Amino acid sequence: MTTPTALPSSPIVRGSRTRRGLAGLLLSLTLLGGCDALSTPERAAPRHRPADALLDDPALQAIAEAQNARDTTALVAALADVDPAVRARAAYGLGSLRAPVAVPALLPLLADEDPRVRADVAFALGQLDPAAVADSTSHAFAADLALLERLESETEPQVRATLVESVGKVAGAEAAETLIAARPDASEQAAWALALGRTVLRGEGGEAGWARLAEQVPSEDPEIRAAASWAFTRTSPIPGWFGHRRAIRATLAGLGFEDEYAWLHIQALARNGDRFSRELLEGWFEGAADWRARVAAASSVGFQRSTRSWELLLARLADPSVHVRTTVAQQLATEPWGPTAIDRVSAQLREAPEDWAPNEILLSHLASQGEEAPVREWWGDGRWTDARWATVAVRIAEATATRQGVEWLFEAARVESERIRRDAVAALRERWALSRPYPQAHEVFLTGFDALLRADDDEVAIAAVELLGDSVLVQLGAGERLRSALTDGAVAGARVERIRAVLAGIDGGTTSTEAENPADEEATSAGADETPGDGPVRPDLDWERLRALGPYPRLVLRTPEGEITLRLSTTEAPLTVQEITRIAEEGRYDGTPFHRVIANFVAQGGDVSRVEGHSGPGVRLRSELTRIPYAQGVLGMARTQRFDTEGSQFFITHSTTPHLTGLYGAFGWVERGMDVVERIAPGTPLIEARVLPDGG
């Protein structure tokens, strides 16, 4: 998955030009009239949907409970209520259910007398699956055309913004033609460009759609320029790219290095390829003020594989941004290193031994090349009590394809951290599977597994018992070692029974004849779209608790990089806010790492089970899809590829990510500390999370 930038409440001025870009566009599209933004000295963020009386009104609470129960019938019935607040809440709730059956009841309300209802209905229609909208047998058929028809008479600016956004989410071929042909007023041109971008990314509009976007890329208005450029960063190949790239290249060449949205043009050129942009992108890699632009340029520079590009990458190992340093390390690790590069990397490791994210990549690459001297220098005497060091050390040991790497893994299997022990044992299983055919490697595994029989951790010891039952190790005397462990009283409990079972197999001639490979787990990138709640429990809404939190409580995250203050929107995502704050108040977030950080996309954390993003808190939450757009600094819920699988994991966006809007539950935003978010690297611990009720 990928990204863009900021959520200011007012334009950011660069020299004499106002730059608001795609983030400014999202703010202008979503800030409803009559809604005051929540301001702090550092950041202000929009409340996309005005707070209603949910926390005090039983009628609205009944609607929220029906949404949580996935009761489409009750929500559709509420669309006929005499109270416009109830009608609006029901339409808003149907946005999370994405139910085509509700469309016949929603469509007439596009003309409701209350703009709150019209906006929520437009949102709900935009949440439909585009395939259902295009299906002539579906209740949702032609909902895109109904949205466009309403635009012809709608005068309320905020409702119009929601209508345009929703058209972009669901537009079929006919609606795409309207978007391409549209020549909206200047105030709405960026919104239409973003809607068209969403449309062409789904394959509607064809080359004509891309051409219309390319026409708008050179716009002097940064909002239009950013909105028109965004789709070019999201896919490849692009129809007509040979011609479109000239507009993007020329626009980038005319921007100053301080431009905060230049990364969009850089990423488009880097992703789709443009051999005429090499020097231009190298210049941006060297000179860009925004780390996002340098990250975007790094992949293009790395692709060149020239002496010049190599020098540029090595120089950026000392970049101020951890994301640039990590991206550079990734690019460098795609090629073998000669003596000069090894010396430069070794010097950087000595200079910054605790630069964990890039160092893990650099050290692993050195280890994979057999360059153990700089790895040993970094390793020193081992610092297993330091969680960050230990995490990197296990991964380096995995990459070290020598006896030394195996010995390091056996060392890691006996440290204090349970997570490190589990990681080490999993790595030892894999290494044994690879080493089994090579007799010269057998002794180190026999000795190591024998030592683990007496480990304090039963799970580690039982794994060692099972591996000692391998026929290759049995031939080297593993059976005698297992018997010795029984007779000398060094083992007890479950491992005794397991040893007896393995010995019975040895005595009966049924030992394993091939290595036990770890089970293939479903690959989950643990991203803003993968990882989550893992239990059957679905909590109910606790209105007393929610009232105590108030409409906009704060969640404060303390990290080694500083504090992040997040403002949560209770009325937009009551269940999510209820459970996330509960987990925080119980202290379950304390000490967990940000396990997934992708430069210019998200920083993700909140795995309370501490298993690298593959687990959750023991409950599953319903997806609460909101009208908060994914601009920079928005707080969202991670889930699997299915809806209604959220748990405890959350992510904070580095940049604007329109492709997430309406698909992943956004429930807050960074109020203070966006600079801290941008310094978080993979493994950065969340030291403490605390909740401050609204007004507290």
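The values are calculated or read from the model by the stated rules, or taken from the named source; none is laboratory data. Just so it is clear, the model here is predicted, and its values are computed rather than measured. Backbone-built Cβ (ideal geometry, glycine too); neighbour counts: all protein chains shown. Ligands, DNA and RNA are stripped out before the accessible areas are found, and what is left, the full protein with its side chains, is counted by its heavy atoms. Shrake-Rupley method; radii C 1.70, N 1.55, O 1.52, S 1.80 Å.
Looking only at residues that are of a type in the set (A, V, I, L, M, F, W, C) and open to solvent by 60 Å² or more (accessible area, probe 1.4 Å) in segment 174-200, which one is modelled with the highest pLDDT? It would help to see each step written out before you state the result.
First, pick out the residues of segment 174-200 that are of a type in the set (A, V, I, L, M, F, W, C): 175-176, 179-182, 186, 190-196, 200.
Next cut, open to solvent by 60 Å² or more (accessible area, probe 1.4 Å) only: 181, 186.
Details: Ala181: 96, Ala186: 92.
My answer is Ala181.
Among Ser236, Ser219, Ser277, which is among the hydroxyl-bearing types (Ser, Thr, Tyr) and open to solvent by less than 10 Å² (accessible area, probe 1.4 Å)? If you could, list the steps in order and put the result at the bottom.
Working: Ser236 fails: open to solvent by less than 10 Å² (accessible area, probe 1.4 Å); Ser219 fails: open to solvent by less than 10 Å² (accessible area, probe 1.4 Å).
None of the others qualify; the one that does is Ser277.
Candidates in segment 365-390 are the residues that are of a type in the set (Asp, Glu) and open to solvent by 40 Å² or more (accessible area, probe 1.4 Å); of these, the one that is modelled with the lowest pLDDT is Asp381. Among residues that are open to solvent by 30 Å² or more (accessible area, probe 1.4 Å), closer than 23 Å to Ala191 by Cα, out of contact with any strand residue (DSSP E or B) (no Cβ under 9 Å at 6 or more places or on another chain) and free of Cβ contacts under 8 Å to residues at least 24 places away in the same chain, Thr155 is included.
Residue-by-condition table, conditions (1) within 30 Å of Pro658 (Cα to Cα); (2) touching a strand residue (DSSP E or B) at 6+ places or on another chain (Cβ under 6 Å); (3) modelled with pLDDT of 85 or more; (4) surrounded by 13 or more Cβ atoms within 10 Å (Cβ to Cβ):
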position	(1), (2), (3), (4)
Arg454	no, no, yes, yes
Val460	no, no, yes, yes
Val474	no, no, yes, yes
Glu480	no, no, yes, no
Thr487	no, no, yes, no
Ala492	no, no, no, no
Gly509	no, no, no, no
Ser512	no, yes, no, yes
Asn517	no, no, no, no
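Figure legend. Inter-residue proximity from segment 286-304: first residues free of Cβ contacts under 8 Å to residues at least 60 places away in the same chain, second residues β-branched (Val, Ile, Thr) and open to solvent by 10 Å² or more (accessible area, probe 1.4 Å), beta-carbon distance below 7 Å, spacing 6+ or different chains. Indicated pairs: Ala298/Thr327; Gly302/Thr334.
Among the listed residues Ala253, Ala211, Ala268, identify the single one that is crowded, with 22+ Cβ neighbours inside 10 Å and at pLDDT 95 or above. Steps first, answer last, please.
Values: Ala253 fails: crowded, with 22+ Cβ neighbours inside 10 Å; Ala211 fails: crowded, with 22+ Cβ neighbours inside 10 Å.
Checking each option against the conditions leaves just Ala268.
Considering (1) part of a helix (DSSP H, G or I); (2) at pLDDT 95 or above; (3) not aliphatic (A, V, I, L, M), the lone condition that Asp52 does not fulfil carries the number (1). Only one of the listed residues (Arg642, Arg610, Arg627) is surrounded by fewer than 20 Cβ atoms within 10 Å (Cβ to Cβ), assigned to a loop (DSSP other than H, G, I, E, B) and either at pLDDT 95 or above or touching a strand residue (DSSP E or B) at 6+ places or on another chain (Cβ under 7 Å) (or both). That residue is Arg610. Remark: pairs (first residue in segment 486-499, closer than 11 Å to Ile462 by Cα; second residue open to solvent by 50 Å² or more (accessible area, probe 1.4 Å); Cβ separation under 8 Å; 6+ apart in sequence or on different chains) = Val491/Arg454; Gly493/Asp458; Ala494/Asp458; Arg495/Asp458; Val496/Leu486; Arg498/Glu466; Ile499/Leu486. Put simply, of Leu362, Leu313, Leu317 the only residue that is assigned to a helix (DSSP H, G or I), open to solvent by less than 30 Å² (accessible area, probe 1.4 Å), more than 20 Å from Gly287 (Cβ to Cβ) and touching a residue at least 12 places away in the same chain (Cβ under 8 Å) is Leu362.
Applying the criterion of at least 1 residues that are more than 34 Å from the chain's Cα centre (by Cα) to the helices (runs of 4 or more DSSP H) found wholly in segment 379-466 leaves 403-412, 418-435, 442-452.
Could you look through segment 592-607, keep only residues that are open to solvent by 20 Å² or more (accessible area, probe 1.4 Å) and either modelled with pLDDT under 80 or not in a strand (DSSP E or B) (or both), and pick out the one that is nearest to Trp291 (Cα to Cα)?
So in segment 592-607, the residues open to solvent by 20 Å² or more (accessible area, probe 1.4 Å) come out as 593, 595-599.
Remaining after also requiring either modelled with pLDDT under 80 or not in a strand (DSSP E or B) (or both): 595, 599.
Values: His595: 21, Ala599: 9 Å.
Going through the qualifying residues, I end up with Ala599.
Taking the numbered list (1) buried (at least 24 other Cβ atoms within 10 Å of the Cβ); (2) at pLDDT below 95; (3) in contact with a Lys or Arg (Cβ under 8 Å, 6 or more places away or on another chain) in turn, Tyr664 passes all entries but (2).
Yes or no, residue by residue, for (1) farther than 15 Å from Glu156 by Cβ; (2) open to solvent by less than 10 Å² (accessible area, probe 1.4 Å):
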residue: Asp83; (1), (2): yes, no
residue: Ala90; (1), (2): yes, yes
residue: Ala99; (1), (2): yes, no
residue: Pro108; (1), (2): yes, no
residue: Ala111; (1), (2): no, no
residue: Pro115; (1), (2): no, no
residue: Ala119; (1), (2): no, yes
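Among the residues examined, Ala186 does not qualify as within 28 Å of Ala140 (Cβ to Cβ), without any contact (Cβ under 8 Å) to a residue 40 or more places away in the chain and over 28 Å from the mean Cα position of the chain (by Cα).
Need at least 3 residues that are within 21 Å of Trp543 (Cα to Cα) and modelled with pLDDT of 95 or more per element, so show me which helices (runs of 4 or more DSSP H) inside segment 56-115 make the cut, counting only ones lying wholly within it.
Values: elements: 58-68, 72-78, 84-97, 103-106.
Filter on segment 56-115 gives 58-68, 72-78, 84-97.
Against the list (1) out of contact with any Asp or Glu (no Cβ under 8 Å at 6 or more places or on another chain); (2) at positive phi, the condition Thr235 fails is (2).
Filtering segment 323-346 to residues that are closer than 19 Å to Ile396 by Cα and either surrounded by fewer than 14 Cβ atoms within 10 Å (Cβ to Cβ) or in contact (Cβ under 8 Å) with a residue 40 or more places away in the chain (or both) leaves Thr326, Thr327, Thr334, Glu335, Pro336, Asp343. Pairs, please: C-beta under 8 Å, at least 6 apart or cross-chain, first residue over 16 Å from Val295 (Cβ atoms) and in segment 271-283, second outside any helix (DSSP H, G or I)? Once the first residue is over 16 Å from Val295 (Cβ atoms) and sits in segment 271-283, its partners that are outside any helix (DSSP H, G or I) give Asn272/Ser236; Asn272/Pro237; Asn272/Ile238; Gly273/Ser236.
In this entry, Pro532 is excluded by the filter for residues that are in a loop (DSSP other than H, G, I, E, B) and either at pLDDT 90 or above or surrounded by fewer than 17 Cβ atoms within 10 Å (Cβ to Cβ) (or both). The residues on offer are Ala122, Ala161, Ala140, and the sole one that is closer than 19 Å to Arg202 by Cα and either in contact with a helix residue (DSSP H, G or I) (Cβ under 6 Å, 6 or more places away or on another chain) or of a type in the set (Phe, Trp, Tyr) (or both) is Ala140.
Looking at Pro218, Pro222, can you tell me which residue is of a type outside the set (Asp, Glu) and touching a Phe, Trp or Tyr at 6+ places or on another chain (Cβ under 7 Å)? Walk me through it before giving the result.
Details: Pro218 fails: touching a Phe, Trp or Tyr at 6+ places or on another chain (Cβ under 7 Å).
Pro222 is the lone residue from the list that is of a type outside the set (Asp, Glu) and touching a Phe, Trp or Tyr at 6+ places or on another chain (Cβ under 7 Å).
Using the structure shown, decide if Glu521 is part of a loop (DSSP other than H, G, I, E, B) and either at pLDDT below 80 or open to solvent by 50 Å² or more (accessible area, probe 1.4 Å) (or both). Even if it seems obvious, please write down each step before you answer.
Values: part of a loop (DSSP other than H, G, I, E, B): yes; either at pLDDT below 80 or open to solvent by 50 Å² or more (accessible area, probe 1.4 Å) (or both): yes.
So Glu521 passes the test.
Residues that are surrounded by fewer than 19 Cβ atoms within 10 Å (Cβ to Cβ) and either among the hydroxyl-bearing types (Ser, Thr, Tyr) or not in a helix (DSSP H, G or I) (or both) within segment 301-310 comprise Arg305, Ser306, Thr307, listed in sequence order. Just one of the listed residues (Ile580, Ile564) is more than 14 Å from the chain's Cα centre (by Cα) and within 15 Å of Gly665 (Cβ to Cβ), and it is Ile580.
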